[in-house]
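The values are calculated or read from the model by the stated rules, or taken from the named source; none is laboratory data. Not measured: the values here are computed from a predicted model. Here the Cβ positions follow ideal geometry from the backbone for every residue, glycine too, while neighbour counts run over all protein chains shown. Ligands, DNA and RNA are stripped out before the accessible areas are found, and what is left, the full protein with its side chains, is counted by its heavy atoms. Shrake-Rupley method; radii C 1.70, N 1.55, O 1.52, S 1.80 Å.
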Amino acid sequence: MEKERYRGVEYYKGPDLAKGYMLDKAKKFYEGLMTSHTIENINEALEIYNIIKYEKDGSLLLYLGEDKEEWLKEKNGVANSLIGKYINQHSDILNDYEKVNFRYRKAFWEIVEKRKLHAITERRFKVFLDKLDVFVWQIFKQYKLVNKYDVELREYMFIYPQGSTQLLLDKYLIKHMREQEKSYLPQSLTMEDKEQIISAYLDLDYSNLNYTRLLSNVQNSKEFALDARVKLKAKRVSEGLESELFKDSSRHETDIVVEFKENVEGTVKQYFTLNKIGTEVDKKWLESNIDNPTILNNFIYTFEFVNNNMISNFPYNEMYAGVFERIGFAHEKEYKTSTAFSMRESLSLAQMHVYYTFLRSRNKELEVIIEWFFNVYLKEEFYIENFRIKLPPTDNPNFEKCKSIFPTVESIVKKYKFYLEDGFIDEELVQMESRPLQFSDCPSMTKDRYVYIAPDNDEARIVKNIMFSDQSDITYFPNLGDNQYDTLIERLGTDKLYLDDIEGYQKTSLDWLIEHYYVKVNEDNEIVLINSNRTYLYYYIHVDGVIVTSKLSNKLKQEVDKLLYEGNLVAENTLLTRQESDYIDYYLNKSNFINGYDLRNKYLHGTSSDHGNENEHYVNYLHALRLLIMIMIKINDDLCTAKCNSK
């Protein structure tokens with residue numbers, strides 16, 4: 001058996017938690033590297049190739065220090081010479097492929113492209129492809145290789161429709177959590193070829209539901225397009241897979257319950273467990289508090305449409321998604337959802353229905369109360385004239401109510417935008433502005449209202465992965481037995497952690513936190529938080545996706561200013577957060593998200609279901625009321641914040 005003499009050094013481009021560990025391995029390898037060394041197998045050659053890449057991009061010198069520059073050049077010269085000698089001795093390097101460790105397959109094809117492309121004929125490459133029993137996607141990362149073996153790789157893609165479909169989706173449709181290296185396709189691969197591959201994939205017995213959903217929603221482009229028949233085929237395959245997946249779901253149902261009943265302890269009780277999600281409210285309290293302000297406040301404090309910072313709880317939040325939902329993929333123009341998101345949607349819809357019905361039974365119409373907020377309250381409290389709205393009469397058919405309420409939602413945001421820009425509302429100007437409104441464009445009265453992580457802030461990303469993620473390698477500590485926490489930030493904030501508790505594989509992450517001044521080891525060997533203001537600001541953004549600056553303490557505001565100055569955060573002066581704008585677009589339009597409900601356009605252009613489907617129209621009307629109330633809460637908070645700041 002061939003001796004496998006290599007340490008397992010992999011190459012990571014850019015910031016990565018494992019990079020320091022790999023550089024340490026590379027250093028130890030170079031320390032023992034002599035000119036008399038002989039590479040004994042392909043994996044050792046590929047490992048040395050990866051170490052050379054670390055030297056070329058400057059990472060290894062940065063890790064070792066400037067005083068090691070000459071030493072590193074000498075070792076790198078030896079490494080390059082050994083690689084060249086090994087490759088020259090293996091005239092048909094494709095014979096080595098079956099021995100290549102999976103972690104080194106990408107490096108193998110890089111070497112083939114750079115050093116062996118001229119020596120491998122098209123016929124030899126076809127023989128190699130014919131012997132493969134799997135789809136080798138790493139080949140398609142090499143432009144010159146794909147270009148030379150164009151015809152052979154086109155034929156190869158037809159043989160493996162599953163791998164080829166994944167390659168096509170990865171190139172054209174899938175939005176990954178991290179930036180991916182570009183893939184290349186044979187130039188001879190036509191649009192019809194791509195469609196044929198997709199169709200063959202849909203005929204397989206093991207289609208992936210995530211893939212079929214994407215394919216059924218494809219937006220055709222010059223590079224990738226599917227015939228309506230193929231899309232329909234994908235849709236039907238998806239429906240079949242969903243039916244199979246959920247056919248036994250009755251045994252795992254989660255009850256969604258909204259109840260108004262007697263003697264609820266504390267007036268309101270919320271449930272969010274595996275078996276029950278819901279809200280219980282004391283009925284007598286509701287009956288004795290039916291004035292307009294309290295009714296509207298119930299959507300904040302009773303039904304929790306927003307959190308304490310007046311950020312909507314409706315948008316998708318990665319923090320509450322399951323592990324597999326988080327690491328999954330989505331179309332680049334798909335609004336991401338999760339089980340928790342769907343449950344929250346169902347709960348808020350049930351809350352709307354039950355409370356809407358309750359108010360009507362007490363001769364209170366929610367539409368009239370919302371009109372009161374805009375027509376009366378804004379004038380009396382904030383001196384805003386002419387902010388008049390008219391919602392549909394409650395006795396109108398739900399189809400007709402939907403036709404008028406969605407344009408009203410857009411009109412409200414337009415009026416607020418014009419008010420902030422001009423200082424008053426001109427109804428004629430609002431009516432003349434016919435361009436579709438981008439909800440993200442509506443400004444705020446508050447300077448630097450929201451703050452987000454800057455796109456190039458890699459440090460914040462690494463802090464999130466180490467300290468806030470339940471998938472961090474530094475969350476479980478065997479020495480502590482059952483006394484565990486989901487995340488490192490939870491442990492450091494509530495319990496003690498000592499250096500002796502750290503396992504060897506966790507040391508790289510801990511060293512990074514120490515080097516970047518997020519933690520320190522004190523005299524008792526206890527690991528303690530430092531620079532806590534910055535840490536907790538990053539944590540708040542991790543939880544909500546955004547920080548509302550007006551809700552922060554003075555110390556945290558000062559830290560925000562510092563991070564803004566350093567370019568680590570970016571501020572935006574908008575009425576809605578990015579997440580809230582996306583959520584509204586998800587329901588009202590389809591321009592931003594291919595899986596959006598497109599409710600506004602369906603009713604505006606008459607493409608919704610028939611008039612007689614009252615249940616569907618009623619549900620859509622409740623969705624519209626939810627969005628309207630959400631916007632109303634945001635406007636009120638913006639005006640209140642500005643009023644407080646002016647005092």
Quiz item: Which of the peptides 95-102, 49-56 is most tightly packed, and how do the rest follow, judged by the mean count of other Cβ atoms within 10 Å per residue?
Solution: 49-56, 95-102
Self-check item: Heavy-atom accessible area order for D282, D441, largest first, 1.4 Å probe
Solution: D441, D282
Self-check item: Crossing angle, helix 532-544 versus the chain [Cα axis fit, 0-90 degrees, rounded to tens]
Solution: 70 degrees
Practice problem: List the extent of the Cα atoms of the chain along each of their three principal axes, largest first, rounded to whole Å. | Solution: 92, 69, 53
Quiz item: Ranked highest first by the average count of other Cβ atoms within 10 Å around their residues, in what order do 152-160, 417-425 fall?
Solution: 152-160, 417-425
Exercise. At a Cα cut-off below 21 Å, give the lysines reachable from K555, other chains included and same-chain residues fewer than 8 away excluded.
Key: K447, K647
Quiz item: Where does helix 19-31 land angle-wise versus the long Cα axis of the chain, in degrees 0 to 90, nearest 10?
Solution: 10 degrees
Practice problem: Can you check how the C-alpha radius of gyration of the range 427-523 compares to 2.2 N^0.38 Å, as a plain ratio? | Solution: 1.76
Self-check item: the range 83-186: proportion of alpha-carbon pairs further apart than 21 angstrom, %
Solution: 34 percent
Quiz prompt | C-alpha long axis of helix 228-246 to longest principal axis of the chain, angle in ° | solution = 80 degrees
Practice problem: Enter the per residue convex hull volume of the range 364-454, computed from alpha-carbon coordinates, in Å³ rounded to the nearest integer. | Solution: 148 Å³
Self-check item: Sites A200 and H516, calculated FRET efficiency, Cβ-Cβ separation with R0 45 Å, nearest 0.05
Solution: 0.35
Self-check item: Accessible-area value, S221, 1.4 Å probe, nucleic acids and ligands omitted, Å²
Solution: 50 Å²
Exercise. With r as the distance between the Cβ atoms of E428 and Q484 and R0 = 51 Å, compute the FRET efficiency 1/(1 + (r/R0)^6) and round to 0.05.
Key: 0.20
Quiz item: Given 25 °C and 0.890 mPa s, how large is the Stokes-Einstein diffusion coefficient of the range 542-623 in µm²/s, with Rh as the Kirkwood radius over Cα pairs?
Solution: 154 µm²/s
Quiz item: How much solvent-accessible surface does R578 expose, in Å² to the nearest 10, with a 1.4 Å probe and all protein chains in place?
Solution: 100 Å²
Exercise. Note the per residue figure in Å³ for the convex hull of the C-alpha positions in the range 131-205.
Key: 101 Å³
Self-check item: Pairs of Cα atoms farther than 17 Å apart, the range 21-154, %
Solution: 61 percent
Self-check item: Heavy atoms of K231: accessible area, 1.4 Å probe, square angstrom to 10
Solution: 50 Å²
Quiz item: Where both residues lie in the chain, what percent of DSSP beta bridges are antiparallel, nearest 5?
Solution: 75 percent
